[in-house]
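Heads up, the thing below is written out as structure tokens.
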Amino acid sequence: MIVNTYFCGMQDFIKQLPQLAKDKHTENKKFFAKLKKKPPKNLDLVMEELHTKEFERTDCLTCGNCCKTTGPLFTDKDVDRIAKHLKMKSVDFEKQYLRNDDDGDFVLQSVPCVFLGIDNYCSIYDVRPKACQEFPHTDRKKFQQIASLTMKNIEICPAAFNIVEKMKEKLQLSHKTNRRQ
Ligand code: SF4
Ligand code: SF4
């Protein structure tokens, strides 16, 4: 099931996502287990295509749910770059905006992210953390390696949810094609 946000409003879709992800949990778990066991040779290419197509139709500015609900990890490089942009010392930036999570990583003190505007624009977009640049990681190479993370991301990211649905459809199709050959 691919949710078309033009017919079902983005906010409604976001509200439904945790339940939709729950409903798909067993199916997705089995799918990713199979994918990990035997990833198709063209997986990187398939993911790149699915990611590009999805983000042609999904406008993050109508969503912002990742920035509102989770927030990224900040690497030391992220901290230095953003602090410099804000003309702050890195240590002051850390004190003002960040805390250490249970794993000792830097995360936001609170969500929604303090840098998210009411129009869903990021006020530090050009220097935003690498994790923000890469989210929801659906175009990364060897996608099968981030199955657990993706299972979590589809609970909050409408685009990731749709990409995984499309991915299941597409990879099933290619299996059928292979059997005919
Ligand atoms: S830094 Fe920007 S992109 Fe990252 S969570 Fe905050 S508002 Fe979103
Ligand atoms: S990356 Fe996903 S959760 Fe974040 S704003 Fe875009 S569609 Fe929404």
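The values are calculated or read from the model by the stated rules, or taken from the named source; none is laboratory data. The shown structure was predicted, so the numbers you read here are calculated from the model rather than taken from an experiment. Don't worry about glycine lacking a Cβ; one is built from the backbone with ideal geometry, like all the others, and counts go over all protein chains shown.
Observations
- Among the residues of the stretch 36-85, those that are in a loop (DSSP other than H, G, I, E, B), surrounded by 15 or more Cβ atoms within 10 Å (Cβ to Cβ) and more than 18 Å from the chain's Cα centre (by Cα) comprise Pro39, Pro40.
- Among the conditions (1) more than 11 Å from ligand 1 (Cβ to nearest atom); (2) touching a Cys at 6+ places or on another chain (Cβ under 8 Å); (3) not hydrophobic (A, V, I, L, M, F, W, C), the only one that Asp103 does not satisfy is (2).
- Annotation for the stretch 113-128: no member residue is closer than 30 Å to His85 by Cα, touching a Leu at 6+ places or on another chain (Cβ under 7 Å) and in a helix (DSSP H, G or I).
- Some residue of the stretch 77-93 being touching a helix residue (DSSP H, G or I) at 6+ places or on another chain (Cβ under 9 Å) and at pLDDT below 95: no
- Every test in (1) among the aliphatic types (A, V, I, L, M); (2) more than 20 Å from Arg57 (Cα to Cα); (3) assigned by TED's automatic domain parsing to the domain that holds His51; (4) touching a Phe, Trp or Tyr at 6+ places or on another chain (Cβ under 7 Å) is passed by Ile154 save one, and that test is (2).
- Condition met for Cys132 (closer than 14 Å to Leu73 by Cα, assigned to a loop (DSSP other than H, G, I, E, B) and modelled with pLDDT of 95 or more): no
- Ile163 satisfies every condition listed in (1) in contact with a helix residue (DSSP H, G or I) (Cβ under 6 Å, 6 or more places away or on another chain); (2) farther than 13 Å from His25 by Cβ; (3) away from ligand 2 (no atom under 13 Å from the Cβ) except (3).
- Filter pass, His137 being modelled with pLDDT of 95 or more, within 24 Å of Lys22 (Cα to Cα) and surrounded by fewer than 20 Cβ atoms within 10 Å (Cβ to Cβ): yes
- Of all residues in the stretch 105-133 being among the acidic types (Asp, Glu) and under 19 Å from the mean Cα position of the chain (by Cα), the one that is surrounded by the most Cβ atoms within 10 Å (Cβ to Cβ): Asp105
- Residue list for the stretch 86-104, restricted to those being exposed (fewer than 14 other Cβ atoms within 10 Å of the Cβ) and part of a loop (DSSP other than H, G, I, E, B): Lys87, Lys89, Asp101, Asp102, Asp103, Gly104
- Selection count, the stretch 23-70, where residues are closer than 15 Å to Glu155 by Cβ and without any contact (Cβ under 8 Å) to a residue 60 or more places away in the chain: 3
- Matching entry among Cys67, Cys157, Cys132 (being closer than 30 Å to Glu27 by Cβ, within 14 Å of ligand 2 (Cβ to nearest atom) and in contact with a Leu (Cβ under 6 Å, 6 or more places away or on another chain)): Cys67
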